[in-house]
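To start, the structure under review is shown below, and the notes come after it.
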Amino acid sequence: MFIADFHIHSKYSRATSKEMDIEHLVRWAKLKGIDLLGTGDWTHHLWLEELKNKLEPLNNGLFIYQGVRFILTTEVNNIYFKYGRNRRIHNLIFAPSFRVVDEVNSVLSSYGNLAADGRPTLGLGSAELARIVFDICPDCFLVPAHAWTPWFGLFGSQTGFDKIEECFDKETPNIYALETGLSSDPAMNWRWSELDRFALISNSDAHSPNRLGREANVFDCKMDYYEIIDALKKKDNRRFLSTIEFFPQEGKYHFDGHRNCNICFSPRNISL
């Protein structure tokens, strides 16, 4: 059994600690009991260079540094216009090798400045992003990040969609998992039966090393890129056991309301 935190950032992302480097990440992963850590930010050339120089490949789609295993993940910010509205959706991309990462970066560099931020802004839709990634490598994995965040989530009230099909079009069958985000947990997502087909993962989205593992995923399978992805695709509860959850009521977007009207709604008082 092992604990995995897939979604983190590096020191090259905005509003992150300068200690978000490999050495500090490994130190805190060991303190927190995290066995597998996402790299984050492999679209950024400086961070990618550091990853290539320090991580040792394990021939199973994973990498290792000083006893901590890593999986190649990154988050991108898709900004585009669709169905009469501006959309801002964050998506996580998993890749099995640096070769694939290089190919994806080569194409994505046509849609935005990858060097501007560890989480780059891309002028293309989520469906097109998915098509590009899967055309390059079918073994890649794409997950809508913090799906309920108002401004950057798939179902966000400000820039999101009402259905996953509206976001991903023909690529929807290739989306197997959603990230719940700090302001929701699986039980809240289970209230909507449309999400029953998706594996629900949770990650820290850490911007500083001590935030690692505040949300994470628990697996009981070989620590192997392809088996982990297969467990998520099949929603296999014998291999993907559970998630570790932050208290959602403490999340930034858990409550709703309107400050000028002096109204605050708790999820307890909202029925679907």
*region 1-109: relative contact order as a whole-number percent, Cα under 8 Å and 6+ apart*: 23
*Amide proton proximity set for residue 205, modelled H, under 5 Å, gap of 5+*: 7
*Hey, what do the phi angles of region 35-52 turn into as Karplus ³J(HN,Hα) couplings, whole Hz, using 6.51/-1.76/1.60 and θ = phi - 60°, x for Gly and Pro?*
8, 9, 10, x, 6, x, 6, 6, 6, 8, 4, 6, 5, 4, 4, 5, 4, 5
*Percentage relative contact order, region 42-171, counting C-alpha pairs under 8 Å, at least six apart*: 24
*When a/c is below 1.5 the answer is rounded, else prolate if a/b is larger than b/c, else oblate, so apply that to region 155-257 with a ≥ b ≥ c taken from the square roots of the Cα gyration tensor eigenvalues.*
oblate
*asked:* Using amide H atoms built in the peptide plane, which far-off residues or other-chain residues are under 5 Å from residue 242 H to H?
replied: 218
*What ³J(HN,Hα) values, in whole Hz, does the Karplus curve 6.51 cos²θ - 1.76 cosθ + 1.60 give for region 67-80 when θ = phi - 60°, with x put for Gly and Pro?*
x, 9, 8, 10, 10, 6, 9, 8, 10, 10, 10, 8, 10, 6
*For the chain: relative contact order, % (alpha-carbon pairs under 8 angstrom, 6 or more apart)*: 19
*Could you calculate, for the chain, the ratio of the Cα radius of gyration to the Kirkwood radius, expressed as Rg to Rh?*
0.95
*Please list the non-local residues whose amide H lies under 5 Å from the amide H of residue 122, H modeled 1.01 Å from N, same-chain partners needing a gap of 5 or more.*
77, 78, 79
*Report ³J(HN,Hα) in whole Hz for each residue of region 186-203, in order, from the Karplus equation J = 6.51 cos²θ - 1.76 cosθ + 1.60 where θ = phi - 60°; Gly and Pro get x.*
x, 4, 5, 6, 5, 5, 10, 4, 4, 8, 4, 7, 9, 6, 10, 9, 9, 9
*Treating only the Cβ atoms of Lys and Arg (+1) and Asp and Glu (-1) as charged, compute the dipole magnitude of region 2-269 about its Cα centre; round to the nearest 20 debye.*
480
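No lab work stands behind these numbers, since they all come straight from the coordinates. Here the structure is a predicted model, which is why all the values come from computation and not from measurement. Here the Cβ is made from the backbone with ideal geometry for all residues, glycine too, and neighbour counts use every protein chain on show.
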